[in-house]
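*Asks:* Pasting a structure below so you can have a look.
Taken together, the values in this text are just the output of simple stated rules run on the coordinates, not laboratory data. Keep in mind it's a predicted model, so treat the numbers as computed, not measured. Ideal geometry is used to build each Cβ from the backbone, glycine not excepted, and the neighbour counts take in all protein chains shown.
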Amino acid sequence: MIIPLIFLYILPTILSVIVVYSKEEQITRGDLIQIVMIALIPGLNLFIGYLGGLIILSQSKTINDFLDKRIK
């Protein structure tokens, strides 16, 4: 019962906050509270968390360098 809750709500919420936080250059406490409140919306946090996380990872230079070495 707890495992679906973790994968469908808690983990995407954390990932959503990380994705939005990493894309902002400057963030205030009010912005952070607003990001957390938006991340608590169930359908939106799945979309932003998992899909946004994959996009952020694919744009990372470190990840791209690692994958280039492994693919060759």
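*Asks:* How much length is gained on full extension from residue 26 to residue 56, taking 0.36 nm per residue of separation minus their Cα-Cα distance? Please list the in-between numbers first.
*Replies:* Values: separation 30, 0.36 × 30 = 10.80 nm, distance 1.77 nm.
That pair, residue 26 and residue 56, stretches by 9.0 nm at full extension.
*Asks:* Give me the dipole magnitude in Debye, nearest 20, for the chain about the Cα centre, with unit charges on the beta carbon: positive for Lys and Arg, negative for Asp and Glu. Walk me through the intermediate numbers first.
*Replies:* Working: 6 positive and 5 negative charges, 54 e Å.
In debye, rounded to 20, the chain gives about 260.
*Asks:* Taking amide hydrogens as modeled 1.01 Å from N in the peptide plane, which residues meet the under 5 Å criterion relative to residue 41, leaving out close sequence neighbours?
*Replies:* none
*Asks:* Which Cα, out of 47, 27, 59, lies furthest along the positive dipole direction of the chain (beta carbon charges, K/R +1, D/E -1)?
*Replies:* Positive-most Cα among the choices belongs to 59.
*Asks:* Can you list the HN-Hα couplings for the range 61-69, worked out from phi with the Karplus curve (6.51, -1.76, 1.60; θ = phi - 60°), rounded to whole Hz and with x for Gly and Pro?
*Replies:* 5, 4, 5, 4, 4, 4, 5, 4, 5
*Asks:* Another question, then. Given a 10 angstrom Cα cut-off, can you work out which residue in 34, 26, 59 is the most mobile in a GNM of the chain?
*Replies:* Maximum fluctuation in the GNM of the chain, among the listed residues, is at 26.
*Asks:* Another question, then. Beyond 14 Å, what share of the Cα-Cα pairs of the range 10-64 is found? Please give it as a whole percent. Provide the component values of the computation, followed by the final result.
*Replies:* Numbers: 753 of 1485 pairs.
I get 51 percent for the Cα pairs in the range 10-64 exceeding 14 Å.
*Asks:* Mind checking the full-extension length gain between residue 47 and residue 71? Use 0.36 nm per residue of separation minus the Cα-Cα distance, one decimal, nm. Could you put the intermediate results ahead of the total?
*Replies:* On the way: separation 24, 0.36 × 24 = 8.64 nm, distance 2.82 nm.
Value of the extension gain: 5.8 nm.
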